[in-house]
Amino acid sequence: MKKVAIVGTGIAGMHAAKVLASDGVAVEMFERESCVGGVIYTGIPDFRMPKTFIDKLYGEIVDLGVKVHLNCEVDKSRFASLLESFDHVLLAIGAQVENLCGFELCRGFESGLKLLYNLNVLKQEEAYKSGYSKVFVWGGGNVAMDCSRSLARLGLDVTVIYRRSEKEMPASNVEVRDAKKDGVKFSYLKNIKNLIKDECGNVVGLDVVDMELGEMDESGRASCREVLGSNHEVPCDLLVASIGQKVDVRVFADDLTILDGHKCSLDRVWVCGDCYLGPKTIGACMVDGKACAKEILEACSE
């Protein structure tokens, strides 16, 4: 019987596990958190998406014989051991490296996924309610909407700052509408040039610049450029950066890179979901996890 290790228990990894186990492959999953679900568990608020479908899927793969190891961090040493013990290793870790635009994390500046983890997993609502009042969320995607809505529901003054117009926002229209219903304000055609800090290094304001739209770029949206001489300061005690994520599989091996067709530069190592596609929808990750599992099955039969 072939054996496959899956690192990460997000939606892509679990659907891959279901396909593999249904075909008679022995599957073991390794999850650093205390619960399955990946970013659905750590990053999506309950008010936006109930997690019952994750529980159902988890039950299905366990019934198929999949072994799930929770609270199990896979570092370089354990990854090497997995390669020795399993026929194939599938990385389904999501896109967890966030873009901070060169700014250093500090009191009053943090990343979007970290904020959501603090609220959804660590339940630190009171710390945010008592520690901050004037909040800006930097970005226009669904993660930015989740961050802004979560903070607005705590009673904080929250503004989304986005460098293009509402028309160009990557977040779904429904998410933008619901954010407005929750009291989130929007500041379009603005971008952040710098953080303003006090003598203790805490964020107390933002250096903001106006933007203007230009010709279409490779993304199919209008490009944007700064308006010279438009810099101005705005008060802020918490800036949350939600301006993109990327993947770094070198945490498992220094020479590991992602190739085409879900394969990696190391033999018998695969990637799927956000780890392969970049940040995508839940539906896209479900489809990709299944597709990757079928490729692994083909490799197992060779």
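The values are calculated or read from the model by the stated rules, or taken from the named source; none is laboratory data. The structure presented is a predicted model; accordingly, all values stated were derived computationally and were not measured. Here the Cβ positions follow ideal geometry from the backbone for every residue, glycine too, while neighbour counts run over all protein chains shown. Note: accessible area is taken over every heavy atom of the protein model, side chains too, but ligands, DNA and RNA are not part of it. Shrake-Rupley method; radii C 1.70, N 1.55, O 1.52, S 1.80 Å.
Is it fair to say GLY183 is within 20 Å of LYS114 (Cα to Cα), touching a residue at least 24 places away in the same chain (Cβ under 8 Å) and surrounded by fewer than 22 Cβ atoms within 10 Å (Cβ to Cβ)? For GLY183, the condition - within 20 Å of LYS114 (Cα to Cα), touching a residue at least 24 places away in the same chain (Cβ under 8 Å) and surrounded by fewer than 22 Cβ atoms within 10 Å (Cβ to Cβ) - is not met. Figure legend. Inter-residue proximity from the range 216-227: first residues under 13 Å from ARG164 (Cα atoms), second residues assigned to a loop (DSSP other than H, G, I, E, B), beta-carbon distance below 8 Å, spacing 6+ or different chains. Indicated pairs: ARG221/ARG164; ALA222/ARG164; ALA222/SER165; SER223/ASP217; CYS224/ARG163; CYS224/ARG164; CYS224/LEU189. Just to be sure before I move on: is LEU105 touching a Ser or Thr at 6+ places or on another chain (Cβ under 9 Å), closer than 28 Å to GLY131 by Cα and surrounded by fewer than 15 Cβ atoms within 10 Å (Cβ to Cβ) in the structure I sent? Yes.
Residues of the range 55-92 that are part of a helix (DSSP H, G or I) and aliphatic (A, V, I, L, M): LEU57, ILE61, VAL62, ALA80, LEU82, LEU83. Of the residues making up the range 129-177, those that are part of a strand (DSSP E or B) and either buried (at least 24 other Cβ atoms within 10 Å of the Cβ) or in contact (Cβ under 8 Å) with a residue 40 or more places away in the chain (or both) number 9.
Residues in the range 184-198 that are outside any strand (DSSP E or B) and within 27 Å of the chain's Cα centre (by Cα): VAL184, LEU189. Of the residues making up the range 170-196, those that are touching a strand residue (DSSP E or B) at 6+ places or on another chain (Cβ under 6 Å), on the phi < 0 side of the Ramachandran plot and of a type outside the set (S, T, N, Q) are VAL184, LYS185, PHE186, TYR188, LYS190, ILE192, LYS193, LEU195, ILE196. Kindly indicate whether GLU33 is closer than 28 Å to SER150 by Cβ and among the charged types (D, E, K, R). The answer is yes for GLU33.
Out of GLU84, GLU31, one residue alone is of a type outside the set (Gly, Ala, Ser) and under 19 Å from ALA293 (Cβ atoms). It is GLU31.
Scanning the range 125-150 for residues that are of a type in the set (Gly, Ala, Ser) and under 21 Å from ILE44 (Cβ atoms) yields ALA127, GLY139, GLY140, GLY141, ALA144, SER148, SER150. Within the range 245-279, being among the polar types (S, T, N, Q) and touching a residue at least 12 places away in the same chain (Cβ under 8 Å) holds for one residue alone: GLN245.
Screening the range 199-302 for strands (runs of 3 or more DSSP E) wholly inside it with 2 or more residues that are open to solvent by less than 70 Å² (accessible area, probe 1.4 Å) and farther than 30 Å from TYR117 by Cα returns the ranges 203-216, 222-226.
Beta carbons closer than 8 Å, at least 6 apart along the sequence or on distinct chains, pair a first residue in the range 40-67 that is under 15 Å from GLY10 (Cα atoms) and open to solvent by less than 30 Å² (accessible area, probe 1.4 Å) with a second that is assigned to a helix (DSSP H, G or I) and among the aromatic types (Phe, Trp, Tyr) for THR42/TYR117; GLY43/TYR117; ILE54/TYR41. Taking first residues from the range 280-292 that are at pLDDT 95 or above and partners that are among the aromatic types (Phe, Trp, Tyr), the Cβ contacts under 7 Å between residues at least 6 apart in sequence or on separate chains come to ASP288/TYR276; CYS292/TRP270. Identify, from the list GLY37, GLY24, GLY13, the residue that is buried (at least 20 other Cβ atoms within 10 Å of the Cβ), in a loop (DSSP other than H, G, I, E, B) and touching a residue at least 12 places away in the same chain (Cβ under 8 Å). When all the criteria are applied, what remains is GLY37.
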